[in-house]
Amino acid sequence: MDLRPDSEDTDVLHEECGVFGVWAPGLDVARMTYFGLHALQHRGQESAGIAVGNGRTVLVRKDVGLVTQVFSDADLAAMPGHVAVGHVRYGTSGGEGWEGAQPHLSTIEDVIIALAHNGTLVNTDYLRHELVELGVPFRSEVDSEVAAKLIGYFTKKTHHLREGIASTMAMIEGAYAMVLVRENALYAFRDPNGIRPLVLGELPEGRGWVVASETCALDIVGARLVREVEPGEVLRISDDGVTSQFEYQAQTLRPCVFEQVYFARPDSLVGGRSVYSVRVKMGERLAAEAPVDADIVIGVPDSGLPPAEGYARAAGLPFGEGLIKNRYVARTFIQPTQELREMGVRLKLNALRDVVEGKRIVLVDDSIVRGTTMAQIVRMLRDAGASEVHVRINSPEVRFPCFYGIDTGTQEQLISASHTVEEVRERIGADSLAFLSVEGLLECVAPMDGYCCACFDGRYPVEVPPSLERHSFLPGQGPKNLSRHSPLAELRVDQMVDVLEMVADETA
Ligand code: SF4
C-alpha cells in the first residue's frame with residue numbers, strides 16, 4: 001500500500017533508503033547519481049545526498065527533502081569528478097534532519113570517505129560507545145555513521161581501506177547494502193545474509209560501472225545488469241577494474257521477501273524476475289487460495305494493482321480501477337484526531353463511484369499493518385455504493401517486527417500479532433478477508449536459496465539483541481533466532497585491531 005498517512009499511528013511499512021554508486025571517468029557522475037536517486041525516490045523521501053570523488057578529495061552535498069528539492073543545476077555542476085555515491089533516506093534509526101542525511105563523511109588522516117547505507121544495524125549502540133571512548137567524534141545518532149566511523153578507525157590503524165571495510169563487516173550485525181566513495185575508487189558491499197538488495201551494472205562501451213539498490217536505477221543511466229552483489233562480498237571499482245573479495249563471515253542468502261511484495265519498483269528485476277510479473281503471480285495464487293463470488297476486482301494503488309490484475313485473470317472476473325490516487329501528495333503533517341486522519345487518507349485516495357456502486361468488490365492490497373487505513377478504504381468503498389467488500393492481501397499476516405531496515409515498530413502495533421483473521425476482518429469492516437500463505441508467496445517470488453520471512457514467521461536470520469527483544473515483542477512471542485552473534489562482533493574495537501595485526505603477521 002503506497003498510502004503514507006504519516007500519522008502518529010503510521011499504518012504502512014516504510015522502506016529505509018536507496019543507494020546508488022557510479023564509477024565513470026569522463027562522464028558527469030554527479031548528474032548520473034542524481035538520475036539514479038530519482039529512480040530510487042520511492043525508497044526514501046526524507047533526505048537525499050551525493051558524494052563525488054575527484055581524484056584529490058571527496059565533495060558532499062546532502063539535505064532534507066526530495067532529490068529535486070535538494071539539488072539545483074548549479075549544485076550538480078559544482079561537483080565534477082569521476083566517481084560518486086548517492087543516497088535517499090526514509091529515516092527511523094536515530095534521528096532525522098541534516099545530521100541523519102547520507103552519505104556520511106569520515107576523515108582518516110588525509111583520506112576522506114563517504115558512506116551510504118540501506119538497512120539497519122542491530123549492534124551499533126555498543127560500537128558507538130566504544131568509538132566515543134576512543135575519541136572518535138559523532139554528528140548523529142544514526143547507525144550508518146557508526147559504520148562510517150568504524151571503517152575510518154580501522155583504516156587508520158591498518159592503512160588499508162579494504163582492511164577497514166573487512167574489519168567493520170566482522171563487527172557490525174544486521175542488514176546492510178553499502179556504497180562508499182573515496183577520491184579515486186568506489187566500494188560496494190552487502191551483509192552476509194544479503195538482506196537488503198544491491199546490484200552491479202555496466203555502462204555501454206566500457207565507460208564505467210554502476211551499483212544500485214534496484215535495477216530501475218541502472219535503467220535510468222543506460223547501464224546493463226551484470227549481477228547481484230553477493231552476500232558478504234566487497235566490490236572495489238577503480239582504474240584497475242572491478243575486483244571482488246569475500247569477508248570473514250559465512251554467506252547465507254536471506255534477502256528480504258517483502259522487496260518483491262511492496263518495496264521494489266514493479267519495473268525492477270529481482271533474482272532475474274520482473275517484480276511486476278511476480279506480483280501478478282501472487283494475485284493469481286491468491287485467487288486459487290481464497291476465491292470469492294464477486295463482480296469486480298480492484299487494487300489499492302500502486303502496489304496492489306498488479307496482484308489485483310492477477311487475481312482478476314485467475315478468477316475470470318473483470319479488473320477495474322475503483323480507487324484513484326492523488327499523485328501529488330508527498331507528505332502530510334501529523335494528524336491529531338481520527339477525523340483528521342481519515343481526511344489524510346481521503347487526500348491521497350478516492351473511490352470511483354461509477355466503478356464500485358452496487359458491486360461486490362474484491363479489494364487487493366499488499367499488506368495490513370495496523371489495519372486503520374484498510375478500515376478507512378473499506379468504508380470509503382461502501383460510502384461509494386459497494387454492496388460487498390472482500391479484502392484479499394497478497395502477503396501473509398505481518399505478525400512480527402522487522403529489525404533490518406523496515407519500520408514496523410513493535411508487535412503491539414501489528415494488528416495480526418494479536419488478532420485472528422476473523423477479528424481483523426471485523427475491525428476493518430470487510431465482508432471477508434484472506435491473506436496469501438507463506439508457501440504461496442515463496443512459490444511466486446524469484447527462486448533463491450532462502451529468504452528472510454521474519455515479519456511473517458518470526459524466524460530472524462540475524463539474532464535479535466535482548467535490548468530490542470525486550471521492547472518489541474508481546475509476552476510469550478519472542479523471536480526464533482536462526483543465527484547467533486559472531487564472536488568477532490563481541491570483541492572490543494581495540495581488540496579487533498590486535499586481531500588484525502595478528503592476521504597481518506601470520507600472512508606476512
Ligand atoms: S523481517 Fe520482513 S520486512 Fe524485514 S527484512 Fe525480513 S522479510 Fe523484509
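Some values worked out for this structure:
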{"item": "Per residue solvent-accessible surface (Å²) - segment 389-508, probe of 1.4 Å", "result": "46 Å²"}
{"item": "Descending principal axes extents, the chain, alpha-carbon based, whole Å", "result": "76, 51, 43"}
{"item": "Percent accessible area from carbon and sulfur atoms, segment 188-251, protein chains only, probe 1.4 Å", "result": "45 percent"}
{"item": "Separation in nanometres of the label points that stand 7 Å from Cα toward Cβ, at Asp125 and Asp354", "result": "5.6 nm"}
{"item": "Segment 427-508, accessible surface, carbon-and-sulfur percent (1.4 angstrom probe)", "result": "52 percent"}
{"item": "Taking the C-alpha atoms of segment 364-443, convex hull volume expressed per residue in Å³", "result": "94 Å³"}
{"item": "Descending semi-axes in Å of segment 420-508, equivalent ellipsoid built from Cα gyration tensor", "result": "42, 19, 8"}
{"item": "Heavy-atom SASA rank of Glu426, Glu247 (probe 1.4 Å, accessible area, largest first)", "result": "Glu426, Glu247"}
{"item": "Nonlocal Lys pairs with alpha-carbon distance under 28 Å, the chain (8 or more apart, or different chains)", "result": "9"}
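The values are calculated or read from the model by the stated rules, or taken from the named source; none is laboratory data. Note that the structure is predicted; figures quoted are calculated from it, not measured. Cβ coordinates were reconstructed from backbone atoms using ideal geometry, including for glycine residues, and neighbour counts include every protein chain displayed. All accessible areas refer to the heavy atoms of the entire protein, side chains included, with ligands and DNA or RNA removed. Shrake-Rupley method; radii C 1.70, N 1.55, O 1.52, S 1.80 Å.
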